[in-house]
Amino acid sequence: MMLRALATVAFVLLADPAMAHPPPLGLKGFFGGLLHPAFVSGHVLALLGLGLLIGQQMPAWGMAAPAAYIVALAAGLGVIALAFAPTWAGEAVLVLALVTGGLVALARPLPEAAGCVLAVATGFAIALDSPPEVISVREANIMLIGTAFGASILLVAVVEAASRLTRNWQRLGARIFGSWIAASAILVLAIRLVR
Amino acid sequence: MTRYVIRLFAVLPCLLMASDALAHTGDVTGGFASGFAHPLLGPDHVVAMVAVGLWGAFLGPPAIYLLPVVFPLVMAAGGVLGILGVPLPFTEVGIALSAIVLGLMVAMAARPPLWIAALLVGVFAIFHGYAHGAELPPGADALAYSAGFVMATGALHLAGIAFGLLARWPAGRIAVRAAGGLIAVAGVVFLGRLA
């Protein structure tokens, strides 16, 4: 009886939590959340696609799309805090990377409202694909706050960098990069469909 | 009692050696490296991709920037066919033919209408994408592998474009056309090996 109890205790103490994504650099808490979007390759792809699209459409677009993204991200993280974590969020992030990357490659002028819709969808999908990697509610909430900051900073940085690409060859480079993002997203979606 | 102790000792190593259950399996670095190396280690891929860049540079704008944007997207469509296991006959023959045809286009300084050039390159892109998709190593990080081979392909295009820009000068034009001839000859060799 005693040995069974010991074995159970050993299970409990040694078992690792099943995580959606590995903790970046082994960090947890606020900094773990802060780095989370930069270490999940699908999120990086979607953020690069959206950031390049918004930056490419500047100055015709204002800051409505980044603002909509941040609000949607916060709302999505709020939903996650209520323990709702859909299984399709990862695929949704990749579909949005495909759409935004494709639009960057096309480089056509778009209405700002379309950008806002894509920004809201991307922010929400990234949030839903960022379930906390800890069991304690307090630590989970701290991590979510970190993710909110990290994903917002990353997008704003990409938008800022992309809006500075004003020369012809720089804008062409952004279009080529957009096609790479879309192509990578297409392939990963196909792989996920098969596996 | 002894039996319980033996069982406990059998269970403990399993617990100690178990690793986290992670949704994103595979080694990101390894996945990217193997994806990036895939087009670079296949001489048939290398010469055909360089030929695309050379031809784009030869045709001038808008082909010079349209081909590197369109190619990865069409190649991804071919990759999807390979990943899904849809049979595509004569893949290797198509890849060898791509080197012959594209090399000849450069060697002959052919200037067909843009849509014909795009169609020709697009058809060959499907064969190249199919080969990359079908040879995806099991267990590799899908996104990292895809991003790797898309970026390597893009880098080969850029190398071809950079060399093709020499065509602005008379001596450079001869060098670029000679390179096209060499690529066509290499394609004949690849085709001969398949026979």
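Quick note: the coordinates plus some simple rules give every number you see, no bench work behind them. None of the values given here were measured: they were computed from a predicted structure. For neighbour counting, all protein chains shown are included, and Cβ atoms are generated from backbone atoms with ideal geometry for every residue, glycine included.
Take each residue of peptide B:89-102, count the partner chain Cβ atoms within 10 Å of its Cβ, and average: the result is 0.
The overall shape of region B:101-182, judged from the alpha-carbon gyration tensor, is prolate: a/c is not under 1.5, and a/b is greater than b/c. Each distinct pair of alpha carbons in region B:26-194 adds a 1/r term; the inverse of their mean, the Kirkwood radius, is 15.7 Å. Counting, for every residue in A:171-182, the Cβ atoms of other protein chains within 10 Å of its Cβ and taking the mean gives 5. Projecting the alpha carbon convex hull of region A:32-194 along each direction and taking the average yields 8.8 nm². For peptide B:62-75, the mean count of partner chain Cβ atoms within 10 Å of a residue's Cβ comes to 4. Applying a DSSP loop filter and a limit of 13 other Cβ atoms within 10 Å to the chymotrypsin sites (Phe, Trp or Tyr not before Pro) in region A:79-165 leaves A:Phe84, A:Trp88.
Sort A:169-176, B:119-126, A:98-105 by packing, meaning the average of other beta carbons within 10 Å per residue, with the highest value first.
Result, highest mean first: A:98-105, B:119-126, A:169-176.
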